[in-house]
Amino acid sequence: MELLEAIKTRRSIREFTGERIPDEHIEMILDAARYAPSPENLQMWRYVVIREDQEMKDLIAELSMEVARQVFGAQPYELTGGRLWYLPDHLRPTEFEKIRDGSLFIYPKYADTVVIGCASESFTDSHLPYAMHLFGSVVVAMGMLQMWLASHSLGYGAGWMALAIADARQREMICERLGVPRTWEPIGVLCIGVPKEKRMLGPSRFPLEGVMYSERWGIPYRRVAFRKEKAK
């Protein structure tokens, strides 16, 4: 799959069949994370790869569902339904209910591989302060995106979330269970598996003019085609 095609057709997959992915394919996906950029090539990332520990997958799913219920459970449909604008009207209430009762986030349970990305500010003796929110979280996210694109290009699905580690107490529980040193902080969870069904269509994106400014804030970026049209 061409890179731009993979970027444009990548989707969040939250339903897996539970089928086993060949080991060599998982290794190709994991290897993609090593090529993510990092400042001074410090590579301040570590990933815990969970394939065989089903109890851990179940725990991550349960924690994610619990947090989802706390976050979305008390919200009326009118408050959150607008976020689902891209869904057909007849599907919107059902999907919102899955968000509210947490069932939408059970998918780590059925993933072939669950990857927990961790970053650190203090594992190196660098004299520069590499703040987590500026560097560590960013490089882990880039590594996860590369694994996501690699998964998609091989025909698999992936879904990213941080619900399982959003609560400090739950994050501590996961670190204790996995033996993550306290100098390392979990940033996110990437679930990889065989999708129940492939999603080729997804929500539309804002146009370039809506998210890109040219030279200064507030000056919309103008597409090449529009520039040529104006020139005529």
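When CYS175 is tested against (1) in a loop (DSSP other than H, G, I, E, B); (2) touching a Lys or Arg at 6+ places or on another chain (Cβ under 9 Å), exactly one condition is not met: (1).
If you filter the stretch 86-116 down to residues that are out of contact with any Cys (no Cβ under 9 Å at 6 or more places or on another chain) and of a type in the set (Val, Ile, Thr), you find that the one that is nearest to CYS191 (Cα to Cα) is ILE116. Out of everything in the stretch 124-136 that is crowded, with 18+ Cβ neighbours inside 10 Å and part of a helix (DSSP H, G or I), what residue ends up being farthest from the chain's Cα centre (by Cα)? Ranking the candidates gives PHE135 first. Out of ALA68, ALA61, ALA36, one residue alone is under 30 Å from PRO129 (Cα atoms), buried (at least 16 other Cβ atoms within 10 Å of the Cβ) and among the hydrophobic types (A, V, I, L, M, F, W, C). It is ALA36. For the stretch 114-123, which residues satisfy the criterion of being part of a loop (DSSP other than H, G, I, E, B) and either under 25 Å from MET56 (Cα atoms) or modelled with pLDDT of 85 or more (or both)? Listed by number, the residues that qualify are SER120, GLU121.
For the stretch 179-186, the condition of being in a strand (DSSP E or B) and either in contact with a Leu (Cβ under 7 Å, 6 or more places away or on another chain) or in contact (Cβ under 8 Å) with a residue 24 or more places away in the chain (or both) holds for at least one residue.
Residue-wise test of (1) buried (at least 18 other Cβ atoms within 10 Å of the Cβ); (2) among the basic types (Lys, Arg); (3) not assigned by TED's automatic domain parsing to the domain that holds ALA111.
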| position | (1), (2), (3) |
| --- | --- |
| VAL139 | yes, no, no |
| TRP148 | yes, no, no |
| LEU154 | no, no, no |
| LEU163 | yes, no, no |
| ASP167 | no, no, no |
| GLU176 | no, no, no |
| VAL180 | yes, no, no |
| GLY193 | yes, no, no |
| ARG227 | no, yes, yes |
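Which residues, counting only those in the stretch 214-225, are among the charged types (D, E, K, R) and surrounded by fewer than 10 Cβ atoms within 10 Å (Cβ to Cβ)? The answer is GLU215, ARG216. Return yes when SER12 is surrounded by 12 or more Cβ atoms within 10 Å (Cβ to Cβ) and out of contact with any Gly (no Cβ under 6 Å at 6 or more places or on another chain) and no when it is not. No, not satisfied.
In the set (1) modelled with pLDDT under 95; (2) within 18 Å of the chain's Cα centre (by Cα), the condition left unmet by GLN170 is number (2).
The values are calculated or read from the model by the stated rules, or taken from the named source; none is laboratory data. If you're wondering where the values come from, they're calculated on a predicted model, not measured in any experiment. Ideal geometry is used to build each Cβ from the backbone, glycine not excepted, and the neighbour counts take in all protein chains shown.
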